[in-house]
Amino acid sequence: MTKSRLFAYGVLVIGCVFAIFPYLLTVLTAFKGPGQLSETLPWEPGLPPSVAAFDRLFASGFGSYLANTVFVTAGITVGQLVFAVLAAYAFARLSFPGRDALFWVYLSTLMVPPVVTMIPLYLMMQKLGLVDTWAGLMLPTMLGTPYAIFLLRQFFRTIPADLEDAARIDGAGRIRTLLLVVLPLSKPILVTVTTLAVVANWNSFLWPLIITSSEDRRLLSVGIALFKSEIGVDYNAVMAGSLIALAPLLVLFIFFQRFIVRSVAVTGLK
């Protein structure tokens with residue numbers, strides 16, 4: 001092994017340690033008992049491991065926050081996937097006046113920070129009477145996102161048009177062609193868009209904090225942020241909540257990372 005390669009591996013290992021260290025602290029702190037946090041160094045495990053922090057966490061109503069987050073994330077993800085597929089297919093395959101201009105104008109909204117539209121969006125929800133409702137929480141992001149539509153459009157354009165022409169010769173309409181020809185060939189990008197939507201909505205904090213006020217509609221991220229102020233400084237329980245919020249995302253990425261890499265590589269070809 002050459003010195004340059006050895007140096008590169010050393011830099012990668014150091015970077016990996018820095019990246020993993022916060023997650024390791026989260027796991028170690030979550031499984032420490034009430035007294036072990038002050039008796040041990042942050043990077044030392046608590047022996048024996050304790051689940052007392054998890055007990056305190058769920059005794060405070062944390063389970064309902066988790067259920068709310070699963071419900072909202074699933075609803076928004078399904079909505080984003082359906083509407084993004086339809087919009088992306090229209091931009092990729094249908095011909096209508098101003099199609100490309102409309103697409104690039106819509107894509108340019110990615111440059112607008114979400115915080116800029118937060119107040120107008122809240123006022124709209126207020127006028128519609130949707131403040132502190134499931135609809136107000138889900139609708140603003142349920143109808144697709146520019147980035148998801150961009151990824152899907154680019155992938156759809158890599159699918160040979162001859163396949164769709166053959167399906168139409170056999171009598172298939174646009175929707176049937178989309179469902180039976182295009183989508184089965186688009187599994188990698190669909191997995192990628194689904195994963196990105198799940199991660200974004202699972203971690204959503206600012207909009208749920210603004211639009212909801214009742215505890216029965218509180219989401220996981222908001223619950224963790226408010227947990228410390230409700231019961232005092234209980235870092236064990238806060239880290240336990242963070243671990244619960246983090247675990248599903250890690251599992252999701254581990255299982256679907258090959259689809260994500262493949263879809264991004266193919267999308268960048270055109």
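The values are calculated or read from the model by the stated rules, or taken from the named source; none is laboratory data. Keep in mind it's a predicted model, so treat the numbers as computed, not measured. All Cβ positions, even for glycine, are placed from backbone atoms using ideal geometry, and neighbour counts span all protein chains on display. We work out accessible area using only protein heavy atoms, side chains counted, and drop any ligands, DNA or RNA first. Shrake-Rupley method; radii C 1.70, N 1.55, O 1.52, S 1.80 Å.
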Arrange the peptides 187-198, 119-130 so that the one whose residues have, on average, the most other Cβ atoms within 10 Å appears first. 187-198, 119-130
Once the piece of chain linking Leu249 and Trp104 is laid out straight, how much longer is it, given 0.36 nm per residue of separation minus the C-alpha distance between them? 49.1 nm
Is the shape of the stretch 60-118 best called rounded, prolate or oblate, per the rule: a/c under 1.5 gives rounded, else a/b larger than b/c gives prolate, else oblate, with a ≥ b ≥ c the square roots of the Cα gyration tensor eigenvalues? oblate
Counting only protein heavy atoms and leaving out ligands, DNA and RNA, the solvent-accessible surface of Arg93 at a 1.4 Å probe, in Å² to the nearest 10, equals 50 Å²
Along the Cα→Cβ direction, 7 angstrom out, place labels at Phe71 and Glu215. What is the inter-label distance in nm? 1.6 nm
Tilt, helix 187-202 to longest principal axis of the chain (alpha-carbon atoms), in degrees rounded to tens, equals 40 degrees
Helix 220-231 versus the longest principal axis of the chain: what angle, 0 to 90°, nearest 10, using Cα atoms? 20 degrees
Cβ-derived FRET efficiency at R0 30 Å, Leu86 paired with Val131, nearest 0.05: 0.55
In the stretch 171-245, the chymotrypsin sites (Phe, Trp or Tyr not before Pro) that fall in loop regions by DSSP, at most 16 other Cβ within 10 Å: Phe205
Using 7 Å Cα-to-Cβ label points, what is the Leu24/Glu44 separation (nm, one decimal)? 1.6 nm
Using only Cα atoms, tell me the angle between helix 235-267 and the longest principal axis of the chain; keep it within 0 to 90° and round to the nearest 10. 30 degrees
Of every hundred units of 1.4 Å-probe accessible area on the chain, the number belonging to carbon and sulfur atoms, as a percent, is 73 percent
Can you give the charge dipole size of the chain about its Cα centre, rounded to the nearest 20 debye, using +1 on the beta carbon of Lys and Arg and -1 on the beta carbon of Asp and Glu? 880 debye
Determine the relative contact order of the chain: mean sequence separation of Cα pairs under 8 Å and six or more apart, normalised by residue count, in whole percent. 29 percent
For the chain, what number results from the quotient of the Cα radius of gyration and 2.2 N^0.38 Å? 1.24
Suppose a student asked you for the relative contact order of the stretch 18-168, using Cα pairs under 8 Å spaced at least 6 residues apart; what percent would you report? 25 percent
Is the C-alpha gyration tensor of the stretch 131-170 telling us rounded, prolate or oblate? Criteria: a/c under 1.5 is rounded; beyond that, a/b larger than b/c is prolate, otherwise oblate. oblate
